[in-house]
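Q: Okay, handing you the structure first.
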Amino acid sequence: MSKNNSNLEESEVDGLYRIVERDAHEGGYLLNPDDSFTRELIRGLVVNTKRYGYAACPCRLASGNEALDRDMVCPCDYRDADLNEYGACYCALYVTEEVASGKRKLKPLPDRRERELEKKKKDKGEPVKNISGLSYPVWRCSVCGYLAARSMPPEKCPICKVSKERFEKFI
């Protein structure tokens with residue numbers, strides 16, 4: 001790789017790092033305090049964005065089909081559940097205060113994606129109970145759980161900053 005490409009990539013990593021760090025802070029999340037580890041994850045996000053056109057989690061194998069991979073676009077749909085249960089998301093980009101402060105050690109954690117995908121397949125056939133009297137549908141952010149009652153989902157989640165494609169009709 002030439003020096004120019006290396007510098008260009010570093011500037012891309014720096015730029016995305018600042019964006020991810022700002023969004024994490026605004027949403028009340030913490031990034032892994034190991035700067036070199038975190039930068040490698042961000043580098044993986046840059047590579048995957050160039051490769052696929054979206055920021056697939058660098059610790060999972062993306063298919064190249066954004067609709068199939070949407071649940072694993074960073075921040076992934078499993079981040080909050082993993083933070084609550086294990087203190088970090090699957091790739092450990094996001095961590096809890098306990099982990100960031102060193103009070104809790106990180107351990108390898110299982111990828112809950114397969115389990116959740118199987119559960120969704122089983123639940124697809126069950127009808128959602130309709131709550132009468134609502135003027136608008138309720139949209140749920142699949143990443144952070146934010147709910148919005150409106151005709152269409154918000155363009156961007158005000159909590160975790162993901163795009164409207166990450167919303168699902170909740171009610």
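The values are calculated or read from the model by the stated rules, or taken from the named source; none is laboratory data. This one's a predicted model, so the numbers in the text were calculated from it and none came from an experiment. Using ideal geometry, Cβ is built from the backbone for each residue, glycine included, and neighbour counts are taken over all protein chains shown.
Q: Give me the residue from region 24-50 that is among the small types (Gly, Ala, Ser) and out of contact with any Phe, Trp or Tyr (no Cβ under 9 Å at 6 or more places or on another chain) and, out of that set, surrounded by the fewest Cβ atoms within 10 Å (Cβ to Cβ).
A: So the residue we want is SER36.
Q: Is there any pair with a first residue in region 24-50 that is in contact (Cβ under 8 Å) with a residue 40 or more places away in the chain and a second that is assigned to a strand (DSSP E or B) whose Cβ atoms are under 6 Å apart and which are 6 or more apart or on different chains, and what are they?
A: ALA24/LEU31; TYR29/TYR94; LEU30/VAL95; ASN32/VAL95; THR38/LEU31
Q: Something else: Could you tell me whether any residue of region 79-86 is surrounded by 20 or more Cβ atoms within 10 Å (Cβ to Cβ) and farther than 24 Å from TYR17 by Cα?
A: Checked against the condition, which is being surrounded by 20 or more Cβ atoms within 10 Å (Cβ to Cβ) and farther than 24 Å from TYR17 by Cα, region 79-86 yields no hits at all.
Q: Just wondering, is there one or more residues in region 54-67 that are acidic (Asp, Glu) and either over 15 Å from the mean Cα position of the chain (by Cα) or surrounded by 16 or more Cβ atoms within 10 Å (Cβ to Cβ) (or both)?
A: No: region 54-67 contains no residue that is acidic (Asp, Glu) and either over 15 Å from the mean Cα position of the chain (by Cα) or surrounded by 16 or more Cβ atoms within 10 Å (Cβ to Cβ) (or both).
Q: Could you pull out the residue among TYR54, TYR17 that is modelled with pLDDT of 95 or more and either closer than 22 Å to LEU117 by Cα or among the polar types (S, T, N, Q) (or both)?
A: TYR54
Q: Now for a separate question. In region 132-171, which residue that is of a type in the set (Ser, Thr, Tyr) and loosely packed, with under 11 Cβ neighbours inside 10 Å is nearest to the chain's Cα centre (by Cα)?
A: Of everything passing the filter in region 132-171, SER151 is nearest to the chain's Cα centre (by Cα).
Q: Further question on the same structure: Do we find a residue being touching a helix residue (DSSP H, G or I) at 6+ places or on another chain (Cβ under 6 Å), among the β-branched types (Val, Ile, Thr) and modelled with pLDDT under 90 anywhere in region 113-131?
A: The answer is no, given that none of the residues of region 113-131 is touching a helix residue (DSSP H, G or I) at 6+ places or on another chain (Cβ under 6 Å), among the β-branched types (Val, Ile, Thr) and modelled with pLDDT under 90.
Q: Give me the residue from region 22-32 that is out of contact with any strand residue (DSSP E or B) (no Cβ under 6 Å at 6 or more places or on another chain) and part of a helix (DSSP H, G or I) and, out of that set, modelled with the lowest pLDDT.
A: Filtering first and then ranking leaves GLY27.
Q: May I pose another question? Please go through region 45-76 and give me each residue that is farther than 26 Å from ASP35 by Cβ and not hydrophobic (A, V, I, L, M, F, W, C), ordered by number.
A: Residues satisfying the conditions are GLY53, SER63, GLY64, ASN65, GLU66, ASP69, ARG70, ASP71.
Q: Here's a follow-up. So which helices (runs of 4 or more DSSP H) stay within region 68-171 end to end and still have 3 or more residues that are of a type in the set (D, E, K, R) and touching a strand residue (DSSP E or B) at 6+ places or on another chain (Cβ under 7 Å)?
A: It comes to none.
Q: Does region 33-67 hold any residues that are in contact with a strand residue (DSSP E or B) (Cβ under 7 Å, 6 or more places away or on another chain) and of a type in the set (Ser, Thr, Tyr), and which are they?
A: THR38, TYR54
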